[in-house]
Amino acid sequence: MDTGPETDEAAFRSEVRSWVTEHLTGDFARLAHRGGPGDEHAFVAERMEWERELATGGWTCVGWPTQHGGRGLPLHLEVAFHEEYARAGGPGRAGLIGEGLLGPTLIHFASAEIQQRFLPGIVSGTEFWCQGYSEPNAGSDLANVTTKARREGDEWIIDGQKVWTSLAQWSDWCFVVARTEPGTERHHGLSYLLVPMDQPGIEVRPIRQITGTAEFNEVFFDGARTSADMIVGAPGEGWKVAMGTLAFERGVLTLGQQMAFQRELDHITSTARANGRWEDPVLRDRIVSLAIRVRIMRWNATRALRTDDNAQLPREAMIN
């Protein structure tokens with residue numbers, strides 16, 4: 001359908017819901033509502049296949065520019081897609097990190113050669129990514145990373161450890177923030193490298209949780225290698241690129257997660273009303289508290305979209 005500026009948003013939302021409902025059948029039926037936050041380990045192989053199903057319908061990377069394989073949707077329709085996808089029970093996206101974080105980063109910071117190498121695989125759902133940021137002593141304090149990469153000939157050699165890495169055991173590639181300039185501290189001397197996961201120098205150890213599942217991983221780099229040209233930005237510019245990636249983490253994708261949480265909260269509320277538990281003031285208080293947090297999550301996401309380098313109007317003004 002026409003996805004230009006005059007597209008009727010209600011019709012577009014209806015199209016998204018209809019497509020997801022019609023295709024989330026057969027072997028994909030069990031994926032409905034699965035794989036979201038806290039459930040990332042569920043049906044990963046099947047959700048990767050679902051990514052390819054989405055790609056055949058043109059429903060991956062909908063906000064990307066058309067020249068990079070996307071639909072070039074305006075922001076309000078990109079938001080509408082993520083909301084209606086969640087509302088229709090679409091499973092957690094196995095390609096979320098590539099589509100939502102790395103892809104926009106490459107579009108903004110990478111060379112044409114890097115873009116041509118990696119963007120098509122994200123759009124088609126044939127290559128999957130994980131994020132190599134956090135370390136045992138560098139979680140929220142990202143500038144404290146100690147993972148090192150040194151240049152040897154036409155390769156980078158990487159040594160260090162990352163932690164809390166979602167989907168690492170299934171990913172083809174990892175974008176890694178590493179220190180490439182010895183003697184530097186904090187946000188200086190970092191570089192943003194693209195590293196293949198299937199190699200002897202990388203070990204992935206799932207972190208077993210109290211639930212018995214392993215949604216996160218430790219990733220150990222011991223002489224791992226990547227080509228010297230697998231770098232986004234110039235050597236030493238990793239902090240700037242990494243901050244760009246984090247900016248993409250807040251906003252549109254969060255709105256989709258917020259809708260999934262809202263759907264779950266609505267289900268809990270209706271169940272409590274039906275079985276009489278709604279009369280329990282303690283339960284009502286907890287539900288109200290959750291409702292407030294879900295609403296704040298939406299407000300924070302729209303605030304993160306407030307400005308855009310290519311738009312004069314606040315982006316949040318474009319969202320109903």
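Residue by residue, here is whether (1) within 16 Å of Gly160 (Cα to Cα); (2) of a type in the set (D, E, K, R); (3) surrounded by fewer than 16 Cβ atoms within 10 Å (Cβ to Cβ); (4) touching a strand residue (DSSP E or B) at 6+ places or on another chain (Cβ under 7 Å) holds:
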| residue | (1), (2), (3), (4) |
| --- | --- |
| Pro182 | yes, no, yes, no |
| Leu194 | yes, no, no, yes |
| Ile202 | yes, no, no, yes |
| Arg208 | no, yes, yes, no |
| Thr213 | no, no, yes, no |
| Val219 | yes, no, no, yes |
| Thr226 | yes, no, no, yes |
| Ala272 | no, no, no, no |
| Arg277 | no, yes, yes, no |
Original post:
Within region 32-52, is there a residue that is in a helix (DSSP H, G or I) and on the phi > 0 side of the Ramachandran plot?
Top reply: no
**OP:** Report whether or not Glu181 is touching a His at 6+ places or on another chain (Cβ under 8 Å), farther than 30 Å from Arg52 by Cβ, assigned to a loop (DSSP other than H, G, I, E, B) and not basic (Lys, Arg).
**Re:** yes
Subject >> Subset tally (residues that are farther than 28 Å from Arg303 by Cα and either in contact with a strand residue (DSSP E or B) (Cβ under 6 Å, 6 or more places away or on another chain) or touching a residue at least 60 places away in the same chain (Cβ under 8 Å) (or both)) for region 228-270 >> reply: 5
**OP:** Restricting attention to region 144-198, report how many residues are aromatic (Phe, Trp, Tyr) and under 16 Å from the mean Cα position of the chain (by Cα).
**Re:** 4
Original post:
Can Leu106 be described as outside the structural domain of Gly233 (by TED's automatic domain parsing), closer than 19 Å to Glu9 by Cα and either in contact with a strand residue (DSSP E or B) (Cβ under 9 Å, 6 or more places away or on another chain) or hydrophobic (A, V, I, L, M, F, W, C) (or both)?
Top reply: no
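The values are calculated or read from the model by the stated rules, or taken from the named source; none is laboratory data. Given the structure is predicted, the values throughout are model-derived calculations rather than measurements. FYI the Cβ positions are ideal-geometry reconstructions off the backbone, even for glycines, and counts take in every protein chain you see.
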